[in-house]
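Below: one structure, written as structure tokens.
The values are calculated or read from the model by the stated rules, or taken from the named source; none is laboratory data. The shown structure was predicted, so the numbers you read here are calculated from the model rather than taken from an experiment. Glycine also receives a Cβ, built like all others from the backbone with ideal geometry; neighbour counts cover every protein chain displayed. When the accessible area is computed, the model is the full protein with side chains, heavy atoms only, and any ligands, DNA or RNA have been set aside. Shrake-Rupley method; radii C 1.70, N 1.55, O 1.52, S 1.80 Å.
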Amino acid sequence: MAQARYAVFATRMALTIYKGKLKGAIKGHSLLKRKADALKIKFRKVLKDLMENKMALGGTMRDANFSLSTAKYSAGDFSESLKESVESASVRVRIQEENVAGVRLPVFKQQSEDIGSSMQLLGLGKGGQAIQKTRQSFLSALEVLVHLASLQTTFVAVDEALKVTNRRVNALEHVVKPKLENTVSYIVTELDEREREEFFRLKKIQEKKAKAIEAAEAQKNAESLVEAQLRLTGQFTNEASEEGASMSMGGDNDLLY
Amino acid sequence: MAGYGYLAGLISSLVPGSSMTFNIRDGYLEALARGFKGSLLTQNDYHNLMQCEKLDDMKLHLASTDYADFLQDAPYPLETSVIIEKCTERMAMEFKHVRNTSVEPLTTFLDYMQYSYMIDNTILLISGTMHNRPCDELLEKCHPLGMFEGMASLTVNTTVEDRYQWLMVDTPLAPYFKKCISEEKDLSELHIEIIRNTLYKTYLEDFYRHCKYMGNSTEEVMCEILKFEADRRAVTITINSFNTELTPDDRPALFCNFGNLVPHGLQLLAKATDDSNVRAALEFDNTWRKIYDNSGDGRDGSKTLEDLFFEEEVKLCKMAFEQQFHYGIFYAYFKLKEQEIRNIEWIAECIAQGKKDQIQRKFIPIF
């Protein structure tokens, strides 16, 4: 399959066209390869970050839950009052775009606003400090989560882009370029052959002409000999000498150069 | 001369809570309370519980204490919330029994004890109804000791006026609500936490007055405990209200008018804006100064202020059992029971989350 070539007439025009295509394919191949390398680097980096963060997340969540238990110890069960005191989301996530080697990757940025007044007064009578500490630890857990989510989406996007790019690189390397090369070499061989054929044809014609001239010369010599003999014998014919003269002098119509 | 002394002695003995006539009405219940006290978990029990690897082991160990039958029908696998629910149920059962077999004036005293839980429940119901939560969910979350008649009707009342009417008239907390709203502030304007704390302050002052009226040992023991409670709330509110919308001007409204820190300490606390001010305010009282100095921020094994408060409360409650013929032991016993349930919850959470080394941090041994 890799040995196929494009079906094309072997003309010089086609040769220039396909040479141009080949050049384009080579340039594209090297560019894509560079893109694939850049993506690979980003991929490895994201992978490493992802691993670290996932390991850290376990510990962070455990700490957050533990501080929740601590707060529950001091303040009793404040889950209901907490649920009631929520007004609007104090932590929001914005999506920004990052451009890596031409691939647009989403990045999540966390935006936090001040907590509403109702939350600040939670546990005023007892346990307030523990509740605020719990809030801090859960906030940091949330930060880790947002970061992790961002990394995860980046990972998936980079993975996809890397696959596509690698596919293109491989396609160029193993399918398109050989095909083009084959086509070019085929055209070149065809052209060469044609030249050779032409050459050979002309050579043959020249040979034939040379032979014809020789034959004519030989005949002419033979005739002059005969003529000489005839002259000696007193018979003289003009036609033979006229033919001989017109043969040796003047342009040969078959010879083009 | 001797006659007057005799008469005075006779009169003082007729006041509720006096030693001579105490056993007539409340002797059985005091004995019952002391019996309950004996069934509180000991150091040994706690030691066993702390060795457990999983919550089911805890259930096994608790089965040898008084909690046995309550944990029998707990679903498998056991969760900390289930354990706590069952323990609280048991405490509620004990309380109901004591209350049902009590006579005046012990009944009033026990009612006073229930008011604090009622305040929490009412606040829960109010805020839940404001956010349109279903009625049965809210009633489930209420503390069993704080249930009273007519609670469900709060969730049904939809208009704001009806709700106020109900609050100010039909509940046992009516007088406290009246005080709370007397400053012409609309209930919906006030923050729910501020309402809660104002109610609690009014309740504490009322309780203190009642104990003073009871006289004799009850007054001695209970007033000591209540003073500590008032001071503790003052300090906690002050510290928790730094950098919040509760300004130093509004703060004094939440402070009780009794306690060891009155009046100088409270004045300083009201104006405090950070920890050094609080320290200066506590300078006047030995106990408080020691407590504040010993507190850390909870990391590296130091105890937080809250932990030290709980410890002090436990100490005061234990001392209540030293005397006889007073109602303080009921209060003390139920506070100790609460602390025990908190201990169990803490141990259970630590085991469930795999942080057994942290148990010692917050655990307060009772006996």
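Couple of notes before you dig in:
- Where labels lie 7 Å past Cα in the beta-carbon direction, separation of B:Asp56 and B:His131 in nm: 3.6 nm
- A 1.4 Å probe, protein heavy atoms only, puts the accessible area of A:Lys23 near 150 Å².
- Those lysines that a straight Cα-Cα span of less than 29 Å connects to A:Lys211, excepting residues fewer than 8 apart in one chain: A:Lys203, A:Lys220
- Taking label positions 7 Å along the Cα-Cβ direction at both B:Lys96 and A:Lys204, the computed distance is 12.2 nm, reported to one decimal.
- Placing pseudo-labels 7 Å out from each Cα toward the beta carbon at A:Met13 and A:Gln136 gives an inter-label distance of 8.0 nm.
- Carbon + sulfur, % of accessible area of the range A:37-106 - ligands and nucleic acids excluded, 1.4 Å: 55 percent
- Reachable lysines, given that their alpha-carbon falls under 20 Å from the alpha-carbon of B:Lys37 and they are not under 8 places away in the same chain: B:Lys86, B:Lys96, B:Lys315, B:Lys318, B:Lys335, B:Lys337
- Size of charge dipole - the range B:93-140 - debye, nearest 20, with Cβ of Lys, Arg +1 and Asp, Glu -1, no other charges: 60 debye
- Nearest-10 value in Å² for the accessible area of B:Phe36, using the 1.4 Å probe: 40 Å²
- Apportionment of accessible area to carbon and sulfur, the range B:7-155, percent (1.4 Å): 56 percent
- Dipole of the protein assembly as shown computed with +1 at Lys/Arg Cβ and -1 at Asp/Glu Cβ about the Cα centre; of A:Tyr73, B:Thr247, A:His174, farthest Cα towards the positive end is A:His174.
- Cβ-based net charge around A:Lys179, under 14 Å, with every Lys or Arg adding one and every Asp or Glu removing one: +2
- Chain A: angle of helix A:238-248 to the longest principal axis, Cα-based, in degrees nearest 10: 20 degrees
- Qualifying GluC sites (Glu not before Pro) in the range A:85-147, where qualification requires a DSSP coil assignment and no more than 12 other C-beta atoms within 10 Å, comprise A:Glu87, A:Glu113.
- Excluding same-chain neighbours fewer than eight residues apart, the aspartates and glutamates reachable from A:Lys45 by a Cα-Cα span under 18 Å are A:Asp37, A:Glu97, A:Glu98, A:Asp159, A:Glu160.
- B:Ile366 - accessible surface, heavy atoms, 1.4 Å probe, Å² rounded to 10: 0 Å²
- Leaving ligands and nucleic acids aside, the A/B contact buries around 2900 square angstrom of accessible area in total at a 1.4 Å probe radius.
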